[in-house]
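**Q** Pasting a structure here, questions to come.
Laboratory data are not the source of any read-out in this text; all were calculated from the coordinates shown. Treat the numbers as computed from the prediction; the structure is a model and nothing was measured. Methodologically, a virtual Cβ is constructed for each residue, glycine included, from the backbone with ideal geometry; neighbour enumeration extends over all protein chains shown.
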Amino acid sequence: MDVMRSLFTMPERFPFLNAEFIPLNKYHKMFVEKWHLILYQSKDQTVYVDYIVDCRQDYGWLIQ
């Protein structure tokens with residue numbers, strides 16, 4: 001996934017996920033190849049990918 005590798009050079013290029021159940025400006029959201037949502041954090045020079053979600057599935061467990 002080249003788009004994930006691109007986070008190495010510009011991790012702040014994707015917008016924050018703004019949702020009432022997520023702390024403000026904590027996770028960036030990146031949509032990949034139509035069906036995947038990647039939620040990640042960027043701290044200093046490190047990118048932490050916390051979730052890769054298949055958006056065709058029910059991901060209600062993620063917000064509990």
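**Q** Can you list the chymotrypsin sites (Phe, Trp or Tyr not before Pro) in the stretch 1-37 that are in a DSSP coil and have 14 or fewer other beta carbons within 10 angstrom?
**A** Hits after loop and neighbour filter: Phe21, Trp35.
**Q** Treat the count of other C-beta atoms within 10 Å as a stand-in for reagent exposure and order Tyr40, Tyr48 from fewest to most.
**A** So the ranking, lowest neighbour count to highest, is Tyr48, Tyr40.
**Q** Related question: How far is it, in nm, from the label point at Arg56 to the one at Glu20 when both lie 7 Å from their Cα along the line to the Cβ?
**A** 3.1
**Q** Can you tell me the length gained on complete extension of the stretch Phe8 to Val32, counting 0.36 nm per residue apart and subtracting the Cα distance?
**A** So the chain would gain 7.0 nm between Phe8 and Val32.
**Q** Another question, if that's okay. Given the C-alpha atoms of the chain, compute the convex hull and give its volume per residue in Å³.
**A** Output value, Cα hull per residue: 86 Å³.
**Q** Sort Met4, Met10, Met30 so the one with the fewest other Cβ atoms within 10 Å of its own Cβ comes first.
**A** Going from least to most buried by this count: Met10, Met4, Met30.
**Q** Rounded to the nearest 500, what is the chain's calculated 222 nm mean residue ellipticity when only DSSP H runs of at least 4 contribute -39500 (n - 2.57) each, over all residues?
**A** Dividing the helical sum by the residues of the chain leaves -1000 deg cm²/dmol.
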